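First the structure, which I've put down as structure tokens, then a few questions once you've had a look.
The values are calculated or read from the model by the stated rules, or taken from the named source; none is laboratory data. Treat the numbers as computed from the prediction; the structure is a model and nothing was measured. In this analysis, Cβ positions are derived from the backbone assuming ideal geometry, glycine residues included, and neighbour counts consider all displayed protein chains.
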Number of protein chains: 2
Amino acid sequence: MAKAVSEKTLSRRVQIVSVATRLFHEKGYNATSMRHLAEQLGMEAASLYNHISGKDALLEQICFDMATHYNAHMEEVETATCTAIERVEKLVRFHIGMMLTHFEEVYVTNRDWKHLKEPLLANFLQQRKAYEKRFSKLVEQAVLAHEIQAVHPHAAVLTILSAVRGIEFWQRNPRNISAEQLEEDMVKILLKGLRK
Amino acid sequence: MAKAVSEKTLSRRVQIVSVATRLFHEKGYNATSMRHLAEQLGMEAASLYNHISGKDALLEQICFDMATHYNAHMEEVETATCTAIERVEKLVRFHIGMMLTHFEEVYVTNRDWKHLKEPLLANFLQQRKAYEKRFSKLVEQAVLAHEIQAVHPHAAVLTILSAVRGIEFWQRNPRNISAEQLEEDMVKILLKGLRK
DNA sequence: ATATTTTACTAACAAGCGTTAGTTTTGCTA
DNA sequence: TAGCAAAACTAACGCTTGTTAGTAAAATAT
């Protein structure tokens with residue numbers, strides 16, 4: 001049965017991408033070798049090429065999976081029936097949630113997208129830019145609705161997106177604060193900072 | 001005259017570190033080769049070793065220069081005579097200023113410190129941790145003085161430090177907003193977010 | 001059970017890496 | 001101008017990199 005084979009191939013591929021994500025996070029894309037990756041999977045480096053086309057494909061998979069995930073959620077938020085500032089809060093909480101539940105993928109994407117090869121690099125950057133634009137639009141609507149103070153929408157988006165990235169510091173020693181409190185404090189600071 | 005010679009050597013060394021900083025920022029530490037670095041300086045790779053002990057030393061110089069710079073400023077803020085929240089604002093503005101005026105060094109340090117070799121890596125992490133602790137202490141004092149709302153100090157520091165890192169996105173296309181407005185908006189959001 | 005496809009293996013490649021040794025050129029000092 | 005130290009060069013080293021070719025083992029389908 002062709003489907004069963006493809007399923008198994010897929011699951012092996014997924015497994016490889018998963019371990020690669022962990023290693024990329026630990027050492028970075030360039031410092032992770034195919035031999036080390038293979039070792040972690042209990043196989044030889046050459047065997048990897050039965051499942052993936054090359055090292056590039058691993059990074060590509062990680063980065064574009066993230067991009068797709070982000071875009072899908074943006075779609076959802078844009079069509080939700082709620083106030084503008086609630087939309088912004090939804091996005092803030094989504095990004096915090098992603099940092100907590102998909103930490104390694106997010107981290108790798110944030111740091112190693114630079115190593116994507118053209119034309120994928122251009123594609124990725126364009127998607128990122130478009131995403132930030134849609135985010136800015138929502139902030140702008142909240143400003144126009146007088147729900148938040150008059151800040152430049154793009155500045156607000158930069159502040160939010162990067163503040164959330166800070167969870168990576170927290171991930172390093174998570175004993176000080178619980179994930180829940182961190183999320184609440186962060187939302188408190190960012191949302192109160194924006195509100196009128 | 002021995003001193004003139006040493007001065008010239010030093011300036012050449014500084015020049016090498018400067019170009020290395022740019023390349024590390026563009027491509028990352030591991031993806032930057034000594035041959036490429038040498039090429040950018042109009043020399044052969046082997047000649048670099050008349051001025052530096054190795055590739056490690058370049059990253060070391062960048063990261064620990066930054067650490068020293070940060071610690072010195074922290075000292076200054078701690079001994080300043082002003083309210084607790086003003087101290088926090090000073091720190092926020094300092095970090096924003098560093099991102100604007102020493103962008104590449106800050107960027108490289110933030111991203112590539114992981115590639116420091118032991119025992120320098122441990123040293124660096126310890127310094128970073130200590131810095132965050134001092135920062136947290138100042139936030140805590142502002143909380144105790146009822147100058148800002150009751151957030152966990154460490155959460156606030158994470159939010160601030162990483163929000164400021166977001167300027168790296170802005171650096172990519174700085175045409176949308178001016179540096180001054182970005183700084184003001186960011187301070188506005190973060191400080192208002194903290195205040196009671 | 002046999003045939004076929006999938007997945008692992010060994011071996012090797014060309015290229016690039018950081019670095020060293022030894023030598024020549026450069027530029028300053030006496 | 002001779003001597004000397006600094007800084008450049010060429011050549012090469014041992015090692016690692018991503019990847020390919022060819023082959024054996026394992027799993028699946030007929």
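Check A:Ala72, A:Ala67, A:Ala4, A:Ala46 and return the single one that is within 14 Å of DNA strand D (Cβ to nearest atom), more than 14 Å from chain B (Cβ to nearest Cβ) and at pLDDT 95 or above.
A:Ala46
Given the options B:Arg111, B:Arg93, name the one that is over 30 Å from A:Lys117 (Cβ atoms) and away from DNA strand C (no atom under 16 Å from the Cβ).
Criteria check complete, one pass: B:Arg93.
Can you pull out every residue in the range B:50-77 that is out of contact with any helix residue (DSSP H, G or I) (no Cβ under 7 Å at 6 or more places or on another chain) and over 30 Å from B:Ala31 (Cβ atoms)?
B:Ala72, B:Glu75, B:Glu76
Looking at A:Arg165 and the list (1) more than 9 Å from chain B (Cβ to nearest Cβ); (2) crowded, with 16+ Cβ neighbours inside 10 Å; (3) charged (D, E, K, R), which single condition is not satisfied?
Among (1) more than 9 Å from chain B (Cβ to nearest Cβ); (2) crowded, with 16+ Cβ neighbours inside 10 Å; (3) charged (D, E, K, R), A:Arg165 violates only (1).
If you don't mind, another one. Could you list, in sequence order, the residues of the range B:49-64 that are more than 16 Å from DNA strand D (Cβ to nearest atom) and not aromatic (Phe, Trp, Tyr)?
B:Leu59, B:Glu60, B:Gln61, B:Ile62, B:Cys63
Can you name the residue in the range B:28-52 that is in contact with a His (Cβ under 8 Å, 6 or more places away or on another chain) and not small (Gly, Ala, Ser) and is also farthest from B:Met66 (Cα to Cα) among such residues?
B:Asn30
What pairs can you find where one residue is in the range A:20-31 and within 9 Å of chain B (Cβ to nearest Cβ), the other is among the acidic types (Asp, Glu), and their Cβ atoms are less than 9 Å apart, with a gap of 6+ or different chains?
A:Glu26/A:Glu104; A:Gly28/A:Asp112; A:Gly28/B:Asp112; A:Tyr29/A:Asp112; A:Asn30/A:Asp112
Any residue that is modelled with pLDDT of 85 or more and at the interface with chain A (Cβ under 7 Å from one of its Cβ atoms) - is there at least one of those in the range B:135-152?
yes
Also: For the range A:15-43, what are the residues that are more than 18 Å from A:Val106 (Cβ to Cβ), more than 12 Å from DNA strand D (Cβ to nearest atom) and surrounded by fewer than 16 Cβ atoms within 10 Å (Cβ to Cβ)?
Passing the criteria: A:Gln15, A:Gln40, A:Gly42.
Suppose we filter the range A:124-143 for residues that are touching a residue at least 40 places away in the same chain (Cβ under 8 Å) and either among the basic types (Lys, Arg) or surrounded by fewer than 18 Cβ atoms within 10 Å (Cβ to Cβ) (or both); how many remain?
Qualifying residue count for the region: 5.
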